[in-house]
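Presented below is the structure to which this report refers.
Nothing in this text is a laboratory measurement; each read-out follows from the coordinates by a stated rule. No experiment lies behind these values; they were computed from the predicted model shown. Ideal geometry is used to build each Cβ from the backbone, glycine not excepted, and the neighbour counts take in all protein chains shown.
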Amino acid sequence: MILAFLLASAIIPSGARADDEDATVPAQQPTLVTQASAPLSNILQIRTQDSYVREFTGLHGQGNVLTMAVTMPLPAYRLLPFPQLSLLTMPTAVTSPGGSMGLGDLRLLDIAVLEAGHGILWGIGPTLVFPTASQRAGGQGKWQLGPATAVAFTPERWLIGLLAQNPISFAGDRERNETNALFLQPFVTYQLGRGWFVRSQPQMVFNWKTGNQVLPVDLGVGRVFEVGRQYVSSFVEPFWNASADGPTPVYGFTFGVSLLFPNFWQRSQIGTEPRR
């Protein structure tokens with residue numbers, strides 16, 4: 001119900017605010033729409049995302065994953081001499097095709113920005129996976145650590161980039177398979193104006209252990225708007241797997257709502273302001 005209300009608020013703003021672009025996305029926040037869709041954001045965000053899978057290959061039933069995430073920018077010298085972009089993700093309700101439901105594996109990603117400016121950002125850092133799943137089907141049962149890197153380019157109204165992670169298991173349940181997989185997330189966002197945007201963020205998986213791969217295709221639409229004094233971003237994004245091995249989703253829908261806090265760190269900007 002909350003998600004439906006927020007989506008409705010994005011589509012049907014009240015009164016004169018619908019005719020005033022600055023009322024939806026203030027002129028002093030030209031990067032707000034772009035940052036709302038970036039996997040690693042330069043502003044503090046609290047994200048709620050729900051992915052519903054209608055059909056799987058090799059499995060009967062449906063699936064759903066409700067995820068809570070926090071993006072936290074850390075200015076230079078808060079923890080390290082480099083500015084950092086971090087992402088903490090927790091699948092809070094993983095429903096498998098068999099009908100069981102529980103927590104998923106906690107994931108932490110931290111990117112140290114080594115160079116920023118001229119609309120280009122890139123950096124490297126670690127990615128970690130903690131075996132916090134409450135049921136076997138909800139996680140991999142392994143402690144994992146590996147490298148991660150990100151690069152982004154922001155020409156005009158575009159955000160174009162790639163996020164890559166490769167967590168590798170080093171401890172955990174000995175009865176579970178060892179893990180070593182590359183997760184590639186290309187991301188593209190285009191600002192349409194008045195807070196509206198289109199986006200694509202397929203999450204590709206290449207399993208080095210089994211040789212299996214997942215190659216989804218997606219395209220979504222969303223909007224950044226205000227509820228009172230709170231900035232909110234919402235989107236809907238259908239997806240379909242062009243190539244999949246093993247029991248993987250065939251198609252589904254992802255819905256997302258984020259609370260945006262652009263002024264949480266008054267000095268958290270790291271010189272990567274995208275141009276409009």
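Key figures for this structure:
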| quantity | calculated |
| --- | --- |
| Unit charges at the beta carbon, dipole of segment 27-261: most positive-side option, 234, 155, 140 | 234 |
| Most positive-pole-ward Cα, 95, 53, 113, against dipole of segment 26-152 from beta carbon charges | 95 |
| Volume in Å³ per residue [convex hull over Cα atoms, computed for segment 158-259] | 135 Å³ |
| Two-site label geometry, residue 242 and residue 50: point separation in nm, points 7 Å out along Cα→Cβ | 2.9 nm |
| Approximate spin-label separation residue 145-residue 128, in nm, with each point projected 7 Å along Cα-to-Cβ | 0.8 nm |
| Sequence of 168, 111, 160 once ranked by neighbouring C-beta atoms within 10 Å, starting from the fewest | 160, 168, 111 |
| Sparse-neighbourhood loop sites, trypsin sites (Lys or Arg not before Pro) in segment 195-261 - DSSP loop, at most 14 other Cβ within 10 angstrom | 209, 229 |
| D_trans [Stokes-Einstein, Kirkwood Rh over alpha-carbon pairs] for segment 27-261, 37 °C, 0.692 mPa s, µm² s⁻¹ | 177 µm²/s |
| Relative exposure of 107, 78, judged by other C-beta atoms within 10 Å (fewest first) | 78, 107 |
